[in-house]
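The structure under discussion appears below in the form of structure tokens.
Just so it is clear, none of the values below were taken in a lab; they were calculated from the coordinates. These numbers were taken from a predicted model, which means no experiment stands behind them. Cβ: placed from backbone, ideal geometry, glycine included. Neighbour counts: every protein chain shown.
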Amino acid sequence: MFELDLRSRKPIYEQLVEKLKQLIIHDVLKADEKLPSVRDLAQQLTINPNTIQKAYRELESQGYIYSVKGRGSFVHPVEKDANEEELKKVREELKKLFSEAIYLGMTAEEIHALLYEVERGKEDDSSTATS
């Protein structure tokens with residue numbers, strides 16, 4: 001599915017959360033798609049199942065996945081109304097980050113190029129198959 005950097009200073013569960021969010025955001029993992037079981041993913045990535053469980057709990061608390069007792073974890077479908085509050089938070093955070101970037105000398109053209117890169121990444125990611 002993906003690889004984690006075991007030598008990174010970033011905790012493994014945070015890396016896992018980040019990778020799964022990317023797969024969900026870039027539509028590689030579709031709405032209501034079943035995620036690998038904790039045990040299977042732990043074996044595949046050769047990490048402790050508790051780490052996977054912690055990442056899944058974090059993703060669930062952030063609204064990216066949901067769990068069905070006895071069946072597993074699934075990608076949460078995007079609901080426009082429910083995401084409005086989250087989008088508001090993201091917009092505010094982006095404003096802060098853009099302000100800081102401009103203050104530090106980043107140009108509007110560089111910001112546009114970065115946005116274009118992110119959009120292109122979405123297209124590129126969605127065309128790749130998951131392993």
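Only residues of segment 1-18 count here: report those whose backbone N is under 20 Å from the spot 7 Å along Cα→Cβ of R39, or say none. Output list for this probe position: 1. Close amide H partners of I65, meaning residues 5 or more places away or on another chain with modelled amide H under 5 Å apart, are E60, H76. In this structure, the pairs whose alpha-carbon distance is over 29 Å, taken from K19/K95; K19/K69; K69/K95; K69/K89; K69/K96, are K69/K95; K69/K89; K69/K96. Each of E100 and N48 was given a label point 7 Å from its Cα along the Cα-to-Cβ line. The distance between the two points is 3.0 nm. Using the average count of surrounding beta-carbon atoms within 10 Å as a protection proxy, the listed peptides 33-46, 3-16, 95-108 rank, highest first, as 33-46, 3-16, 95-108.
Would you please give the FRET efficiency between R91 and V118, computed as 1/(1 + (r/R0)^6) with r the Cβ-Cβ distance and R0 = 22 Å, to the nearest 0.05? Efficiency, from the Cβ-Cβ distance: 0.90.
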